[in-house]
Amino acid sequence: MLIRDEFKYLLYTERLKDIIDKKLINPVCVEIGLTTRCDNKCIFCAFDWLMKEQHIDIDPTVLQSAIDDMYGMGVQGVSICGNGEPLLYRNFVDIVRRIQRYNIDIGLVTNGGLLHKYLDVPEYAKMLAEFTYIRISLDAGDSLTYKDIHGVDRFDLVIENIRRLVLIPDRKVTVGVHYTLCENNKDSLYRAVVLCKNMGVDYFHVGPVVKSTKFSENLPKPYLMYPIESTSLTKNYSNDRFKVFVSDNRFEDISGLDKTTAGYDLCRAQNYFTIIGADGGVYPCCHTIGNPKYCFGNINEQYFKDIWFSEKRKNIMYNIDFKDCSLSCNKKWANRMLHSLFNPLLHPSFLG
Ligand code: SF4
């Protein structure tokens, strides 16, 4: 069952007491950016500034030691995600094997253009089949739109890769497709939904273009999907085997009606997760990546566990200046919910 992200925090209520006491608790989930290299040039890339600065691959030996720490700390999920394209990382298989050996759940976010290189090797295909999820950023329903959005001409290849991924025998992995919606690709959305549904993809997720903290100025014009349209999309195209999700709250964020920190005073969500960038830096979230002010430490210099439980991290965590945060922080709703759990509610006997 898929639930809205902020509600997942309620699954870890046993940690609330320690957070109230300002104790540092073990993370539930860690995101890892393996490389800043990418073979696409997406018009809404959140890391284009990082990739332009330098090409970095995370040191595999150092990362393996960090994964050993994560296992010891009881981390439950590791997401291999952006900074660049993870499948370009030379030691991808070794890192995945290390995570899988510890039975830590593993997820992958990819542009999908290199999946065939892994699917062609039966033992790697088997490895992918054991992931918890693989989410492909498709963002188009036809070749022309794909080229406009991704800056490369390989829509058919990515579609074929998704088709092959879905058909891996006995797969445990949930295969999802993500669609970042903007004016440039809005006309292609429904074609992409139907294509994915017919291919046997498990879910289709629609989110808006979001402005990151260090984002390039050439952001495409966002398309505002209002609840009436999202309800019709999810209702008309979802069935028992295929679910369509729309991040209504994030569309609300970019509509300008909402303010970044309205409803919370601290970023408490970062007690539960963190992100390690390709530079080895450990940061609160993807929006703060590369910002030295918010770097807890670097796994090239310290053990991950020592960084996580350091006074430095505690100081940073309790002194986030929300002016440095993204206007559409994806932890906003989790932080609102956590804020309400940490602060006395007015007249709790009366439910609104
Ligand atoms: S953008 Fe700010 S509020 Fe949001 S997760 Fe990052 S540090 Fe927390």
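Laboratory data are not the source of any read-out in this text; all were calculated from the coordinates shown. What you see is a predicted model; the values in this text were computed from it and never measured. FYI the Cβ positions are ideal-geometry reconstructions off the backbone, even for glycines, and counts take in every protein chain you see.
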>> Using Cα-Cα distances under 8 Å and only pairs 6 or more residues apart, what relative contact order does the range 100-243 have, in percent?
In response: 22
> If the chain between D265 and S143 were fully stretched, how many nm would it gain, using 0.36 nm times the residue separation less the Cα-Cα distance?
Replying inline: 39.4 nm
> Which Cα, out of G74, F44, F131, lies furthest along the positive dipole direction of the chain (beta carbon charges, K/R +1, D/E -1)?
Replying inline: G74
>> Given the -39500 (n - 2.57) contribution per DSSP H run of 4+ residues, what per-residue ellipticity at 222 nm results for the chain, rounded to the nearest 500 deg cm²/dmol?
In response: -9500 deg cm²/dmol
> Which ³J(HN,Hα) values in Hz, rounded to whole numbers, follow from the phi angles of the range 137-149 under the Karplus curve 6.51 cos²θ - 1.76 cosθ + 1.60, where θ = phi - 60° and Gly and Pro get x?
Replying inline: 7, 9, 6, 7, x, 7, 4, 5, 5, 4, 5, 5, 7
> So how strong a dipole does the chain carry about its Cα centre when Lys and Arg Cβ are +1 and Asp and Glu Cβ are -1, to the nearest 20 debye?
Replying inline: 520
>> For the range 199-352, what does the relative contact order come out to in percent, with C-alpha contacts under 8 Å and a separation of six or more?
In response: 25
> Hey, got the dipole for the range 15-152? About the Cα centre, +1 on K and R Cβ, -1 on D and E Cβ, debye to the nearest 20?
Replying inline: 240
> Roughly how many nanometres apart are two label points built 7 Å out from the Cα toward the Cβ at K172 and E229?
Replying inline: 3.9
> If the chain between K126 and N236 were fully stretched, how many nm would it gain, using 0.36 nm times the residue separation less the Cα-Cα distance?
Replying inline: 36.2 nm
> If amide H atoms are built 1.01 Å from N in the plane of the peptide, which residues on other chains or at least 5 residues away come under 5 Å of the amide H of S79?
Replying inline: V30, E31, I32, G107
>> For a quick check, take a GNM of the chain with Cα springs below 10 Å and name the residue from E229, E14, E183 with the largest mean-square fluctuation.
In response: E14
>> Modelling each spin label as a point 7 Å along the Cα-to-Cβ direction, I'd like the T61/E311 distance in nm, to one decimal.
In response: 3.2
>> Can you find, among M337, I95, V166, the residue sitting farthest towards the positive end of the charge dipole of the chain, where Lys and Arg contribute +1 and Asp and Glu -1 at Cβ?
In response: M337
> Using θ = phi - 60° and the Karplus form 6.51 cos²θ - 1.76 cosθ + 1.60, what ³J(HN,Hα) does each residue of the range 174-180 get, whole Hz, x for Gly and Pro?
Replying inline: 7, 9, x, 10, 10, 10, 7
> What is the range 84-138's relative contact order, in percent, from Cα pairs under 8 angstrom and six or more apart in sequence?
Replying inline: 41
> For the range 166-251, what mean projected area does the convex hull of the alpha carbons give, in nm²?
Replying inline: 6.8
> Using the scaling law 2.2 N^0.38 Å as the reference, what is the normalised Cα Rg of the range 272-335?
Replying inline: 1.07
>> Among P284, P27, F155, which residue has its Cα furthest toward the positive end of the charge dipole of the chain, with +1 on Lys/Arg Cβ and -1 on Asp/Glu Cβ?
In response: P27
>> Using the crude model of +1 on Lys and Arg Cβ and -1 on Asp and Glu Cβ, and no other charge, please compute the dipole size for the range 173-304 relative to its Cα centre, in debye to 20.
In response: 180
>> Restricting to bridges with both residues inside the chain, how much of the DSSP beta-bridge set is antiparallel, in percent to the nearest 5?
In response: 15
>> Please report Rg (one decimal) and Dmax (integer) in Å for the Cα set of the chain.
In response: 19.9, 61
> What is the spread of the Cα atoms of the range 1-155 along each of their three principal axes, largest first, in whole Å?
Replying inline: 53, 36, 31
>> A 21 angstrom limit on the alpha carbon distance is what I want to check against. Which of K221/K332; K41/K221; K8/K332; K8/K331; K41/K147 exceed it?
In response: K221/K332
> Amide H of K243: which non-local residues (sequence gap of 5 or more, or other chain) have their own amide H closer than 5 Å, using H built in the peptide plane?
Replying inline: Y203, F204
> In µm²/s, what is D for the range 72-172 at 20 °C and 1.002 mPa s, where D = kT/(6 pi eta Rh) by Stokes-Einstein and Rh is the Kirkwood radius from Cα pairs?
Replying inline: 149
> Kirkwood Rh over Cα pairs of the range 39-100 into Stokes-Einstein at 4 °C, 1.567 mPa s: D in µm²/s?
Replying inline: 98
